[in-house]
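Working notes, beginning with the structure itself.
Read-outs: derived from the displayed coordinates by stated rules, not from any lab. Just so we're clear, the structure is a prediction, and the values are computed from it rather than from any experiment. Backbone-built Cβ (ideal geometry, glycine too); neighbour counts: all protein chains shown.
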Amino acid sequence: MSLIDTQNFNITCGECAHQFSQSVGDLKLNDRMTICPECGNSHQLDKAGFEAAVAEGEKQIEDLQAKVRSVGENLFKGGN
């Protein structure tokens, strides 16, 4: 499981407009299928949009991890 899998997608039900969240990991396991906890409507998220959002989230996490490593290395080298 990657770090992105623990992040939540905010979803608005197309049937009743109820807003809820579901983890990326759960959406991956269920083939992007979501069920509204309010009305029970099931919907499969668009594959291309979902994959693009996950890829962007993974890139942001990698960029942040690289920045943290750089700051940590500079601190231990005595840099600014």
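The single residue among 38, 51, 73 that is surrounded by 11 or more Cβ atoms within 10 Å (Cβ to Cβ) and in a helix (DSSP H, G or I) turns out to be 51.
Write out, first by first residue and then by second, each pair whose Cβ atoms fall under 9 Å of each other, whose residues are 6+ apart or on separate chains, and whose first residue, in region 1-12, is free of Cβ contacts under 8 Å to residues at least 12 places away in the same chain while the second is of a type in the set (S, T, N, Q). These pairs meet every condition: 10/19; 10/21; 10/22; 12/19.
Among the residues of region 5-15, not a single one is of a type in the set (A, V, I, L, M, F, W, C) and surrounded by fewer than 12 Cβ atoms within 10 Å (Cβ to Cβ).
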